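Below: one structure in structure tokens.
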Amino acid sequence: MRGSKMVGCAIVVALAATACGGGSGDGDSEGKGKSGGGFSMNVAEPKRLIPQSTTESGGSQVLSGLFTPLVDFDAKNEPVLAAAESIESPDNKVWTIKLKDATWHDGKPVTAKDYVGAWNWGAYGPNAADGNYFFGTIQGYDEMNPVDPDGEEGPKKAAEPKAKELSGLKVIDDKTFEVTLKAPFAGYKSVLGYTVFYPMPEAALSDLKTYEEAPIGQGPFQMDGKWNHDKFVKVKAYKDYKLGDKPKVDSVEFRIFQDQNTAYNDLLANNLDIVDQIPTEVMGTAPSELGDRFKTSQASTFQFVAFPTYDKKYSDPRVRKAISMAIDRDEIIKVVFQDSQSSARSFVSPVVGGYREDTCGEACKFDPAAAKKLLAEAGGIDGNKINIGHNADGGHEQWINATCDQLKKNLGLDCVSQAVPKFAELLTQVENKKFSGMFRMGWIMDYPSMENYLGPLYSTGGSSNYYGYSNKEFDKLLQDGREAKTEEEAIVKWQAAEDILAKDMPVIPLRFGKNVFGHSTNVKNVEMNLFNQVELTKVEKS
Amino acid sequence: MGRYVARRLLQMLPVIIGTTFLVFALVTAMGGDPVQNLYGERPVPESIRVALTAQYHLDDPLPIRYGYYLAGLVQGDFGTSLSGSRPISEMIADAWPETLRIAGIAFVFETIIGVAAGVMAGMRRGKFLDNLVLLSTLTVIAIPIFVLGQVSQIFLGVKAGIFPVSGTNEGFVSYLLPGLVLGSVSLAYIARLARASVAENLRMDYVRTAKAKGLSPSRITGIHVLRNSLIPVVTYLGADLGTLMGGAIVTERIFNIPGVGYNLFKAIQIEDGPALVGFVTLLVIVYVVMALIVDLLYAVLDPRIRYA
């Protein structure tokens, strides 16, 4: 009999767990968009909610509601002052930033110290902030980020940083601070629009763990409760907001989704108000299902295929051009991407100042006959065989295969797509020169400037120049542009640099991205900006 | 019996150590670069790599890293997730009740409907009802769970609007559809298992004896046949509760339920070793405890089974 008692207990426990589970769910259905003056949108679970450590899309979207950047961008993607009263520099090296009057969500005034403190935290190596490298242009960065003396493979630990604060940051008074860069940079104003340059209140730095659960900002929205991990982040309009347009809704619920398809289904059922990315799987049916609620806008992404410079096979620019000319970009975009991207024939995106159409010229024009001829002139390709690497987790298989098919057809080459499980692995293999073949790459802009495309991707030792392209003339022009007195002068230099790329063809430009998004019948005026973010203050209830 | 339970619980220790080490070793053997994975398509700044490597002991050989992990575990510290900065114990505490809810619904659903359908089919072998159960369970078994999940989400959620499409916002109702989907395949197995078992037991000598003694048919099936037929079903159900927890990977992803499966998927995707090991440890404990409960249940169903 003792046994049967235990069984009874087990069943009671199991049922109780279920029952209490059902009851204690987050029962309120607020934020569904139907009741109250709020709307909901999907985000990915933020990695962190600390401005200096948030570079991924989900966290940036949430923080874009809680904070106001120093500068915002207008319709032409030119920087306009937002939280800053003025940003000035006589020599493009020492920048004086004056702040507008503003208060934190807890009512305390925002001071220059809040900026300096937050930036110093972000720049300090051991804090391992994701946005750390953005502070690399400021004086004193190197002292805070010593290099491991014997490389990352070695046993010795990196030296303790010599400094805890950037020597290039100085508080002038309550509302003013000064930034000294390592080298003059005319376009620095644009850089300041990025998430990592938000301030943090002084109290945050002493207890980041608590702060992160409910960040206090100075933006149009303030936290409503805590970050409910993997479920939602709720924010409500901040009444005393003075730094820009007030939100047109009372609240926003960022619902955390792991799968875009699920978010899309929720949108179809009108349970979710905005989906910031329509999944490729439903791209064919979405326009008819959503009607005029299916939207596209320009985005900053740039997709290309890179040549490994260490591989002799591709060292002749004529070979690289021939391959580029044999690819019909438009057809791939139409068939594989359902026109959700546009073809790229330049090395910088149309969203930045200084963009010119077709800078790649002949080399990006689809001309199979000329391509074949050019390849023959260059003496063909070693072994008549090429491969294109890609990360299997990124959904690239389809377009790479289509590209390969075109190369097979148009150049008579044997082309295979080579999958590596993760992008990280692909990059490691390329870095160690262990990967033979071309490989796909992508770039998302950090700040709207030609320099943000040219610098990291093609300069010698550039942070994302995995293919090791190096051209002294290009580097010189890029640097001249950075140090130019005005933005216009800079653009002239950068355009000259871009022309060198067209000659060298270190990569094949393929596609520029678009935001493809949709919304429910509960909202209107939904717009997305270049940083793939929904403009929260513009959304209205319909 | 107390000693038996204590011994079984002690046996859990080597199992937990063994499995966690195995998962730990496997994650290491995947050979990826977790720091780069966290950064996605961006290059990792040198100083960040140094800081993270030190924080997670990524430079140390496997046994030492495992040692750090075990030392933490003994103190109740599951470590910190690589993605973000949350303590894994906190993640488990959040995720576990979510999975328990859908697994609980699935469990109750599959037990009640599955056993009932199975017993009825078994009693009417070869008749219409039997064929219906056989055919419908076969269909359910044949359809992969992600198809079942997505189709039911689109038809019952989006088109018909009977259930919430996803998420946990509407309390009990939110967990209903994912629970039913999760339990459906097990339900089919249970029904078939119960059917076979009942059909077999009905032909046993003791049933004939009972009939000869003039016992009522309901007493024969209700007490004698059912009790004996349930042993394989209970065995299956015990193991199944563990499977439900881990098998929720697909269902939780489709219905956006932030439970154990959801977290496991995320951890695998970014090679978040610490989180993966933490959640697997949880699943191991569930399996071992369920196996124990099943063993204890045998004695109830069949008094001839005794424990030393």
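The values are calculated or read from the model by the stated rules, or taken from the named source; none is laboratory data. As the structure is a prediction and not an experimental result, all values here were calculated from the model. Note: ideal-geometry Cβ built from the backbone for every residue, glycine included; neighbour counts use all protein chains shown. Just the protein is used for accessible areas: all its heavy atoms, side chains included, with ligands, DNA and RNA removed. Shrake-Rupley method; radii C 1.70, N 1.55, O 1.52, S 1.80 Å.
Determine the sum of side-chain charges near residue A:189: Lys and Arg each +1, Asp and Glu each -1, restricted to other residues whose C-beta is under 10 angstrom from that of residue A:189.
-3
Need one value: the accessible area of residue B:125 in square angstrom, 1.4 angstrom probe, rounded to the nearest 10.
Looks like 120 Å² after rounding.
Hey, another quick one. Please turn the phi angles of segment A:129-144 into ³J(HN,Hα) values with the Karplus equation 6.51 cos²θ - 1.76 cosθ + 1.60 (θ = phi - 60°), one per residue in order, whole Hz, x for glycine and proline.
For segment A:129-144, the Karplus curve yields 6, 4, x, 3, 5, 5, 8, x, 8, 8, 4, x, 5, 5, 5, 8 Hz.
For the protein assembly as shown, with all protein chains present and a 1.4 Å probe, just round the carbon and sulfur fraction of the accessible area to a whole percent.
After summing per-atom areas, the C and S share lands at 58 percent.
With the cut-off at 18 Å, tell me which of the pairs A:113/A:239; A:433/A:476; A:175/A:248; A:312/A:385; A:409/A:514 have Cα atoms farther apart than that.
Over 18 Å Cα-Cα: A:113/A:239; A:433/A:476; A:175/A:248; A:409/A:514.
In addition: Per residue of B:50-59, count partner chain C-beta atoms within 10 Å of its C-beta, then hand back the mean as an integer.
Mean shielding count: 4.
Could I ask something else about it? Cα axis of helix B:128-142 to longest principal axis of chain B: angle in degrees, 0 to 90, nearest 10?
10
Please list, ordered by chain and number, the residues whose modelled amide H lies under 5 Å from the amide H of residue A:131; skip anything fewer than 5 residues away on the same chain.
Placed amide hydrogens put A:53, A:54 under 5 Å from residue A:131.
When chain B is modelled as a GNM with alpha-carbon springs shorter than 10 Å, which of B:38, B:226, B:82 fluctuates the most?
B:38
By how many degrees, between 0 and 90 and to the nearest 10, does the Cα long axis of helix B:260-269 differ from the longest principal axis of chain B?
Approximately 40 degrees, to the nearest ten.
I would also like to ask the following. Which far-off residues, 5 or more places away or on another chain, put their amide H under 5 Å from the one on residue A:416, with H placed in the peptide plane?
So residue A:416 has HN proximity to A:386, A:387, A:388.
Here's another thing I want to ask about it. If you take the charge dipole of segment A:423-542 about its Cα centre, with +1 on Lys and Arg Cβ and -1 on Asp and Glu Cβ, which of A:526, A:447, A:478 is farthest toward its positive end?
A:526
Using the Cα centre as the reference, give the magnitude of the dipole from point charges on the C-beta atoms of chain B (Lys, Arg: +1; Asp, Glu: -1; all else neutral), rounded to the nearest 20 debye.
1900
Now for a separate question. Could you give the nm distance between label points at residue B:124 and residue B:203, where each point is 7 Å from its Cα heading toward the beta carbon?
2.1
Here is a follow-up. Using θ = phi - 60° and the Karplus form 6.51 cos²θ - 1.76 cosθ + 1.60, what ³J(HN,Hα) does each residue of segment A:457-463 get, whole Hz, x for Gly and Pro?
Taking θ as phi minus 60°, the curve returns 8, 10, 6, 4, x, x, 4 Hz for segment A:457-463.
Here is a follow-up. Pick from B:142, B:267, B:212: which is most flexible by mean-square fluctuation in a GNM of chain B where alpha carbon atoms under 10 Å apart are linked?
Comparing B:142, B:267, B:212 in a Gaussian network model of chain B, the most mobile one is B:212.
Nearest 100 Å² is fine: what is the total accessible surface buried where chains B and A meet, probe 1.4 Å?
Approximately 5100 Å² gets buried when B meets A.
Please give the FRET efficiency for residue B:306 paired with residue B:162, using the beta carbon to beta carbon distance and R0 = 35 Å, rounded to the nearest 0.05.
Given R0 = 35 Å and the Cβ-Cβ separation, E is 0.10.
With the crude spin-label approximation of a point 7 Å out along Cα→Cβ, what separation in nm comes out for residue B:55 versus residue A:202?
Going from the residue B:55 label point to the residue A:202 one covers 2.6 nm.
Another question, then. Which residues, if any, in segment A:104-148 have at least 40 Å² less accessible area in the whole protein complex than in the isolated chain, probe 1.4 Å?
Residues shielded by partner chains are A:128, A:133.
I need the calculated FRET efficiency for the pair residue A:358 and residue A:485, taking r as the beta carbon distance and R₀ as 35 Å, to the nearest 0.05.
Plugging the Cβ-Cβ distance into 1/(1 + (r/R0)^6) gives 0.75.
Once phi is turned into ³J(HN,Hα) by the Karplus curve 6.51 cos²θ - 1.76 cosθ + 1.60 with θ = phi - 60°, what whole-Hz value does each residue of segment A:484-501 show in order, with x for glycine and proline?
Per-residue couplings from phi come out as 4, 5, 10, 4, 5, 4, 4, 4, 4, 5, 5, 5, 4, 5, 4, 4, 5, 4 Hz.
Can I ask one more? To the nearest whole number, what is the average tally of beta carbon atoms from other chains within 10 Å of the beta carbons of peptide A:423-432?
Average neighbour count from other chains, rounded to a whole number: 4.
Roughly how many debye, to the nearest 20, is the charge dipole of segment B:48-130 about its Cα centre, given +1 on each Lys and Arg Cβ, -1 on each Asp and Glu Cβ, and no other charges?
Result for segment B:48-130 is approximately 460 debye, rounded to the nearest 20.
Okay, next question. How would A:115, B:56 line up by accessible area, probe 1.4 Å, largest first?
Sorted by accessible area, descending: B:56, A:115.
Hey, another quick one. Place a point 7 Å from the Cα of residue B:4 along the Cα-to-Cβ direction; which residues of segment B:282-308 have their backbone N under 20 Å from it?
B:287-308
Just name one of A:350, A:389, A:412: the one whose Cα is farthest towards the positive end of the charge dipole of segment A:314-421 (beta-carbon charges, Lys/Arg +1, Asp/Glu -1).
The one lying farthest along the dipole's positive direction is A:412.
Compute the separation of the alpha-carbon centres of segment B:1-76 and segment A:329-405 and state it in Å as a whole number.
If you average the Cα positions of each part, the centres end up 43 Å apart.
Quick one: which residues, 5+ away or cross-chain, put their amide H under 5 Å from the amide H of residue A:95? H built at 1.01 Å from N.
Those qualifying (amide H under 5 Å, at least 5 residues apart or on another chain) are A:179, A:180, A:181.
Quick check: net charge around residue A:412, other residues with Cβ under 13 Å of its Cβ, Lys/Arg +1 and Asp/Glu -1?
+3
Which whole-number value in Å³ per residue fits the convex hull of the alpha carbons of segment B:1-134?
So the per-residue Cα hull volume is 213 Å³.
Quick one: if the Förster radius is 41 Å, what FRET efficiency do residue A:143 and residue A:78 give, using the C-beta to C-beta distance and rounding to 0.05?
0.75
Go through B:300, B:217, B:16 and say which Cα lies farthest out towards the positive end of the charge dipole of chain B; charges sit on Cβ, +1 for Lys and Arg, -1 for Asp and Glu.
B:217
Further question on the same structure: Taking the Cα centre of chain A as origin, sum charge times position over the Cβ atoms of Lys and Arg (+1) and Asp and Glu (-1), and report the length of that vector in debye to the nearest 20.
Dipole about the Cα centre, nearest 20: 740 debye.
Excluding residue B:104 itself, calculate the net charge of residues whose Cβ lies under 13 Å from the Cβ of residue B:104, where each Lys or Arg counts +1 and each Asp or Glu counts -1.
That works out to -2.
To the nearest 10 square angstrom, how much accessible area does residue B:53 have with a 1.4 angstrom probe?
Rounded to the nearest 10, the figure is 20 Å².
While we're looking at this one, here's another question. Ordering A:444, B:105 by accessible area with a probe of 1.4 Å, largest first, what comes out?
A:444, B:105
Separate question: Taking each residue of A:51-58 in turn, how many C-beta atoms of other protein chains fall within 10 Å of its C-beta, and what is the average?
So the per-residue partner count for this stretch is 1.
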